[in-house]
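Okay, so here's the structure we're looking at.
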């Protein structure tokens, strides 16, 4: 099953995709809100990208506070997820994105990328971490959106 992981942010949204067997994960794209006239059009473009990729399931990174409670950003991700679910008849899942961006930054630095290049692909790499963590879980622990 091909999964796409999403690291949703207010300015940038990173995407990562698995292979058709759901074993390997690759960075896919970064969508920038500044490139769209509205958030509505960004969500339309995101839905179209998911269709074009042949996505069979979506994993949304869920930003929880350190104590596990929800923040305003968490509620925004849940809202975006509901909007995407109305556009696409796919299963959606949540995966905690705790430290995904910080760990992604370290991964990219260790790979030798310049600071500018790291910034350009950080959200994609965070989506890779989110999706990889999700796929490593036992299916019984998958949290359906």
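The values are calculated or read from the model by the stated rules, or taken from the named source; none is laboratory data. Because the structure is predicted, anything quoted here is derived from the model rather than measured. Cβ: placed from backbone, ideal geometry, glycine included. Neighbour counts: every protein chain shown.
Descriptive notes on the structure:
- Flag if residue 122 is at pLDDT 95 or above, part of a helix (DSSP H, G or I), touching a strand residue (DSSP E or B) at 6+ places or on another chain (Cβ under 8 Å) and buried (at least 16 other Cβ atoms within 10 Å of the Cβ): no
- Within the option set 127, 104, being closer than 19 Å to residue 4 by Cα and modelled with pLDDT under 60 holds for one residue only, 104.
Every residue, every condition in (1) surrounded by fewer than 20 Cβ atoms within 10 Å (Cβ to Cβ); (2) within 14 Å of the chain's Cα centre (by Cα); (3) over 18 Å from residue 137 (Cα atoms), yes or no:
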position	(1), (2), (3)
60	no, yes, no
67	yes, no, yes
72	yes, no, yes
77	no, yes, yes
80	yes, yes, yes
89	yes, no, yes
92	yes, yes, no
95	no, yes, no
